[in-house]
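Working notes for the structure below.
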Amino acid sequence: MIITKIKGGLGNQLFQYATGRAVASYHKLPLKLDLTWFETHKLHNGYRLDQLAIEADIAIKNEITNMKGGNNVLFSALRKAGVLRRKSYFKEKHSSYFDESIFKKNSIYLEGYWQNELYFAKIRDLLLQELSPISPMNDVGCAYLNRIKKCNSVSIHVRRGDYLNFKNIAVLDVDYYVTAVEHIRKNVEKPNFFIFSDDLEWCKNSLGFLDSCIYVDRTQTEIEDLKLMSFCQHNIIANSSFSWWGAWLNQNPYKIVIAPKSWHLNDPGSRNVILTDWIKV
C-alpha cells in the first residue's frame, strides 16, 4: 500500500497526489490518502481532490499509524529527532529536489510537497485523465471557455492574498508581467490575455498596459479557474503551485509557458519547480 499525506491548497494537493499516484503505479499498488491534516487546518477551501476524477481511497487511522506512527506531539517530536522512524515512513528531505529512492519501497507513507515533475512525468497521460473535474462548469465558466477556445488565449495568474504575509515568498511585481507579456506579443499573433487572480482590483489598477484582456470573475470555484487556465493556448504563471498546474495541464504541444526564475526566497532548490522548456523571467 502507498499512502500520501495531503495538505495545503489545491496546487500542493495536486503535487502530493501526482507523486503518490506515480509511486503506486510503479509498484501496481493501491494509493490511499491521509487527510488528517484537514482536521485541524482550515486553509483556502480545504480538501479539494474529491472534485477531480482521482483514483485513490481515504486511509483510515489504523493504516496511517501502522506506516507512519502516531500523529500526536510526542510521536512528531521523536520522528523529528530521528529517535523513532519507521521504515515505511518517508519524509521529503530537500524541497523541490527529485529523490528517486521513494520508488524503492512498495509499502510507504509519503510526507512532503514533492514539487518536481520528475516524480510523475512518466504518468502524464494518466494524470491528465484523473485530474479532470467531475462536475460540469456553470454558465459563467462555459462562457469564458468558449472565448478562450476561439482566440490565441494566454492566461495570466497573479497571486497576492496570503503571499503578502509570507516572508519566504516574493510577491511578483508589475515588471515581471510587463516582461512576460512582451515576450508573448513577440511570439504570438494577436494574443488575448485572461487574468486570473485572488486580487482582481489590484490587477485592474496595475496591469493597465494590457490593451486586450479579460478579467476572469464570478466562476464557480478554483477548480473551474484551473480548467480554464489549462485550456488557454499559452500561460504566464505566478510563483504559485496553482498556476503551475494550470500550465502543466495545458495540452497544447506548442504552448509557451513563462514562469518567474525566482520561486521562493532563500531556497535555491525551488528553481527545480520550473520545467526546462518553460521560459524563466
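The values are calculated or read from the model by the stated rules, or taken from the named source; none is laboratory data. Bear in mind the structure is a predicted one, so any value in this text is a computation, not a measurement. Using ideal geometry, Cβ is built from the backbone for each residue, glycine included, and neighbour counts are taken over all protein chains shown. Keep in mind that these areas ignore ligands, DNA and RNA; they rest on the heavy atoms of the full protein, side chains included. Shrake-Rupley method; radii C 1.70, N 1.55, O 1.52, S 1.80 Å.
Out of Asp125, Asp198, one residue alone is modelled with pLDDT under 95 and among the acidic types (Asp, Glu). It is Asp198. Gly246 meets each of the listed conditions (1) touching a Phe, Trp or Tyr at 6+ places or on another chain (Cβ under 7 Å); (2) buried (at least 19 other Cβ atoms within 10 Å of the Cβ); (3) not hydroxyl-bearing (Ser, Thr, Tyr) apart from (1). A Cβ distance below 8 Å, combined with a sequence gap of six or more or placement on separate chains, defines the contacts here; from the stretch 85-104, residues that are more than 16 Å from Met67 (Cα to Cα) reach residues that are among the acidic types (Asp, Glu) in the pairs Lys93/Asp99; Ser95/Asp267; Ser96/Asp267; Asp99/Glu92. With respect to Lys261, determine if the residue is more than 23 Å from Val178 (Cα to Cα) and open to solvent by 20 Å² or more (accessible area, probe 1.4 Å). Answer is no for this residue.
Pairing each residue of the stretch 107-134 that is in contact (Cβ under 8 Å) with a residue 12 or more places away in the chain and among the β-branched types (Val, Ile, Thr) with any residue that is surrounded by 14 or more Cβ atoms within 10 Å (Cβ to Cβ) and part of a loop (DSSP other than H, G, I, E, B), provided the two are 6+ apart or on different chains, yields C-beta distances under 6 Å for Ile108/Ser88.
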